[in-house]
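Just so you know, all these numbers are worked out from the coordinates, no wet-lab data involved. The shown structure was predicted, so the numbers you read here are calculated from the model rather than taken from an experiment. Here the Cβ positions follow ideal geometry from the backbone for every residue, glycine too, while neighbour counts run over all protein chains shown.
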Amino acid sequence: MLVHTITVGPFFENCFLVADEKTKEAWIVDPGAEGSRIRAEIQRLGLKPSKILLTHAHGDHIGAVEELRKYYNIPVLIHEKDHPLLISAEDNLSAAFGMPISAGKADGFIKEGDKLELGDLQFEVIETPGHTPGGVTIYGEKIAFTGDALFAGSIGRYDFPHSDGEVLMQSLKRLLELPDDTAVYSGHGAATTIGRERGTNPFLLDLD
């Protein structure tokens, strides 16, 4: 399996290219900005995108969605509770930062327990709301793409409109149920592991 990180945009958001190295089929996870740069990396790596997966729909995670959807003619999948954010620059907060982004409607919805196959690789959807109402984690193959729920040494903000701190804490408890050797790829910052965050993240120390 290939996981390739492209940090994009003014908020240094992590877009991930996740691929089956045998077939070169790939997912584009959270293409936040710089669509032409993402396309260049896809071409350089010889990948064949099959879908765009969104962990949530804040503006810094969706800025290149429409460009890539149209270029590759692939579906965009998101949790239904975040769909209003996907299509509204006010709800996804991009308007507040002076960079209004409104992606088109999603092509499908993902929810708790959904199984996702990428070539021979198996993933599932874990609902991890709180930062946004429809936040999800894509988990499989000892890897978790947590969006802005969990970061190395920190957690997602819950002071935004549509955020809920108590709900986020419940989501973080769910993530701590994953094996310690699970690699965590977050929406911002460096990769980490569940075990490392369990032992050192000050926001998680009292959650177990």
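Assorted remarks:
- Near ASN73: Cβ cut-off under 14 Å, other residues only, Lys/Arg at +1 and Asp/Glu at -1. The net charge is +2.
- 222 nm mean residue ellipticity, helices alone, for the chain (DSSP H n ≥ 4; -39,500 (n - 2.57); rounded to 500): -5500 deg cm²/dmol
- Separation of the ILE87 and ALA190 label points, Cα + 7 Å toward Cβ, nm: 4.1
- Answer label for percent of Cα pairs over 26 Å apart (calculated), chosen among (1) 33; (2) 27; (3) 52: (2)
- Charge tally in the Cβ shell below 13 Å around HIS162, where Lys, Arg are +1 and Asp, Glu are -1, HIS162 excluded: -4
- Extension gain from GLN43 to ASP107, taking 0.36 nm per residue of separation minus the Cα-Cα distance: 20.6 nm
- Between the beta carbons of GLU141 and ALA96, assuming R0 = 30 Å, the FRET efficiency works out to 0.25 to the nearest 0.05.
- Using a Gaussian network model of the chain in which every pair of alpha carbons under 10 angstrom is joined by a spring, one finds that among LYS142, LYS70, LYS24 the greatest mean-square fluctuation is at LYS70.
- Overall form of the range 113-208 per C-alpha gyration tensor (a/c, 1.5; a/b vs b/c): oblate
- Computed from the C-beta positions of PHE203 and SER36 and an R0 of 45 Å, the FRET efficiency is 0.80 to the nearest 0.05.
- For the chain, the tally of Lys pairs with Cα-Cα distances below 21 Å comes to 26, considering only residues 8 or more apart or on different chains.
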